[in-house]
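Notes follow once the structure below has been shown.
The values are calculated or read from the model by the stated rules, or taken from the named source; none is laboratory data. Computed from a predicted model, the values in this text were never measured in an experiment. Glycine also receives a Cβ, built like all others from the backbone with ideal geometry; neighbour counts cover every protein chain displayed.
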Amino acid sequence: MTIYYNPAYSATPYRKREKGVDVGNIYCGNTQLLQRLLFYAGVPYIPTRNEERIACYHASMQDKVDESSPFYKSFQTDSAGMSRTILAWRDALVEVGWNAKTYTGDNIKLALIRDIEPDVMPKGEADYWYTLIKVASAGRILPENIKIEVTCAKNEIKPHIAHILDMQQGFGVSVVYRTEKQPCATGNLGKIQEAIIGKSNDKIVLDEKDCTFRYISFANEDDALRYVATEPIDESAVYFCSKPKRFDNTLRLLGKPTIGSSMAAGSPQVVQLFMLGNGLFEYPLNIHRIIEWLNLPINPIDRGLRRALCNALTESGGINNSEWNKAKSDYITSSEDEKEQKKLAKQTDIFLPIPDSDIVDAASVKDFNDNLRKWATKLLAMEEFPYDDIVREQIASIESYCTTLIKMLDKAPAEFSFLDLQLWCKNIAQPSTYGQYDPEVSSHTTISSMGDLHDIADSIIWFPAEDSGVVAYPFEIFNDAELAEIESSGAIPYKREHHTLMNQVAMQRILFNAKALTIIEAEKCNGEKVARHPLVLQLNECIQGGLRSIVQHKTLIEEYTTIDSQVINQSKNPILEELGKQVNLKERHERYEDVAKQAESYSSLSQLIQHPFTYVCERCAKLDDHAMPSAQDLEKTLGNVAHLIIEKVFDGRPINEACDYYKTEYETIFEESVNEKGLLLRLPEYAIDLRRLKNKMQDALDKLAEAIQKNDLTVDACEYDFKQAKWMEAGDNVTLGSRADMLLSDKRGGKVIFDFKYSRSKSRKTG
């Protein structure tokens, strides 16, 4: 049995199919080698999630960073971000064998990292490398029938890994390095391989008739991806896709087998439950954030209630008003079971925290995250998880994020700012890699990294070729003298030159492990210029006339476009399929019978007369779109708030009592009205409009009260509904309804109607 190791390998590097299955052989990158050697050493590999380790480090820094520390100001500004940064420095040192607890030197940076080290530090991958260094130095790990073959030179791997292999070699383990780098191709690609190996400065002159090296250019990335997707699959070729997720999306659109991809360094919608949920603690309330939370596809709040609350919010302009409360009560009373009603009521209160101050209460945040964590745990524990494995990964992340934040809040002040909460959440919920699609039968043979080539490929097609960046040098903060001190303490760091060499070798494997190479490049992605890959730039420099001299321009033709019927449903979940079968879809007119209007207003009939087609589409056929409901526009929101303020002040009160009430309680009346009908005004961009409305309405109330008193009027009711009347000329089923903003009576019993209009202009209007 052989363990094949290369730092550029994933768990499944490319091997030629004709070799068959080499039973028992293992192919390892860095992490896989660590796990395999620990397995044979009898050390269980159970690393703690990084966000939970950050919480532990954060707690330690809260205790140990004081005003004398050079990290003090940075920690006060962004404590979670600073904890993440210093933990990364610490892990880089620990991975190569540095022990914080035994360090006795006086270097300021190293001493600070040593002093911040928690008493009990949860293990990450770096800690397991440290353990492996010690174990590998103590005795033989692998049994006699296992050997290790490193498919690169010794100086092309990290020194601490080379040290581990040296120790094992000293104990009798067979370790072999592949040091040769020979041209394997003929023709143009062979010329390029020879030139780069020989480091010649002479320009390479390519043969125009040779096809071992091709360069294809597209104006934009979508065209490049569709070109590869619609071309017949080359069975002898290995495809290296720089953007497998985007390519899989293209393949799905065309109804073709997916290659298998991950959402690299992303924050999928389900994971955003954590960020958006904790974002509900923002004050002033953010209407857009509340709408987004209610519209997330997977949510601890029932979908029907979320939809009802979202409609109530967007139609009324606020929360905790009659529409909002009716949506909640209708949902709760939909169950006849009293216990179930209490459960439903609790659910809405738990997952819709409504703050009343810009100071965040730690206990409230803990309760919210604890309940969100319990919801995620319960979902994951279901015998038949109702979603696919992609969602399972995301739900597991939410569970971990909530646990981490709760730990960080243990030592937080009882009250803190919303900005602090957002910074903590942002540093916990870092973009991660999640599964997106599975590889399907008859798909392209694809590798996931440039160096993922164990065998030499007959042909490699690299698309779209662009720079995706390399891993940062882990010892950036240390100078040469400090690296020497780290090395003298027994650790095995490496210099930037070594780091650059490892990246360069991994990058060039795609060039040296191919007999033919096709590079497909795109100039732009989503309208933005694409950064060219360093290897492409190197080839452009060493070829006579550059790559443009051999470019093959491709133009997509009409047959590559797709239609809806070509999109396929790849759902594999029988539970969701069964749920779909049980849905009883009604005809459109049946679905809206229960919510038909009881009466038409005069303004709606005006629309019927002037725009009959629009009226029928919107009010009768209900042909509205299914986009996320949005907030009312600014002008309508201002008017709604103004009307509600007047109603709160004058409805059910004698005029003298109403005057005293708004003069003493105006601040409360205004804030309540904005929350109930005008959350849009809480957004920062409408701060001036909100301040102007506040001043205007105080002045308007004075003038309205003065008009009522001077004319000796009595307020009967605000928002008064007149009795509905049949409109005989239109038929028996048409009912008219109307409403007065304010109905008043004079001394003789006569009725007076005030109709209020909100306007930015200073012209006087009467109603």
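Being surrounded by fewer than 21 Cβ atoms within 10 Å (Cβ to Cβ), over 30 Å from Tyr437 (Cβ atoms) and touching an Asp or Glu at 6+ places or on another chain (Cβ under 7 Å), is that true of even one residue in region 271-286?
yes
Quick check, is Asp166 surrounded by fewer than 19 Cβ atoms within 10 Å (Cβ to Cβ), more than 41 Å from the chain's Cα centre (by Cα), among the charged types (D, E, K, R) and assigned to a helix (DSSP H, G or I)?
Here the answer is yes, as Asp166 does meet what is asked.
Of all helices (runs of 4 or more DSSP H) completely enclosed by region 41-125, which ones contain at least 2 residues that are touching a residue at least 24 places away in the same chain (Cβ under 8 Å)?
Answer list for region 41-125: 50-64, 79-95, 108-116.
Here is a check on your reading of the model: is Pro355 closer than 27 Å to Glu672 by Cβ and either assigned to a helix (DSSP H, G or I) or touching a residue at least 40 places away in the same chain (Cβ under 8 Å) (or both)?
yes
So Glu144 ticks every box in (1) under 40 Å from the mean Cα position of the chain (by Cα); (2) of a type outside the set (Val, Ile, Thr); (3) over 23 Å from Phe75 (Cα atoms) but one. Which box is left unticked?
Evaluating Glu144 over (1) under 40 Å from the mean Cα position of the chain (by Cα); (2) of a type outside the set (Val, Ile, Thr); (3) over 23 Å from Phe75 (Cα atoms) leaves (1) as the failure.
Looking only at region 169-209, which residues are in a loop (DSSP other than H, G, I, E, B), at pLDDT 90 or above and of a type in the set (Ser, Thr, Tyr)?
Ser174, Thr186
Restricted to region 300-352, and to residues that are in contact (Cβ under 8 Å) with a residue 60 or more places away in the chain and not in a helix (DSSP H, G or I), which residue is surrounded by the fewest Cβ atoms within 10 Å (Cβ to Cβ)?
Per the stated criteria, the residue is Asn320.
Name the one entry in Ile354, Ile350 that is of a type in the set (A, V, I, L, M) and within 27 Å of Ala642 (Cα to Cα).
Ile354
Under the condition of being in contact with a helix residue (DSSP H, G or I) (Cβ under 8 Å, 6 or more places away or on another chain) and aromatic (Phe, Trp, Tyr), which residue from region 373-410 is nearest to Tyr437 (Cα to Cα)?
Tyr387
Which members of region 652-678 meet the condition of being touching a residue at least 12 places away in the same chain (Cβ under 8 Å), over 38 Å from the mean Cα position of the chain (by Cα) and outside any loop (DSSP other than H, G, I, E, B)?
Of everything in region 652-678, those that are touching a residue at least 12 places away in the same chain (Cβ under 8 Å), over 38 Å from the mean Cα position of the chain (by Cα) and outside any loop (DSSP other than H, G, I, E, B) turn out to be Ile655, Ala658, Cys659, Tyr661, Tyr662, Tyr666, Ile669.
Just to be sure before I move on: is Arg226 at pLDDT 90 or above, more than 28 Å from Asp455 (Cβ to Cβ), in a helix (DSSP H, G or I) and more than 20 Å from the chain's Cα centre (by Cα) in the structure I sent?
Yes; evaluated as a whole, the condition is true for this residue.
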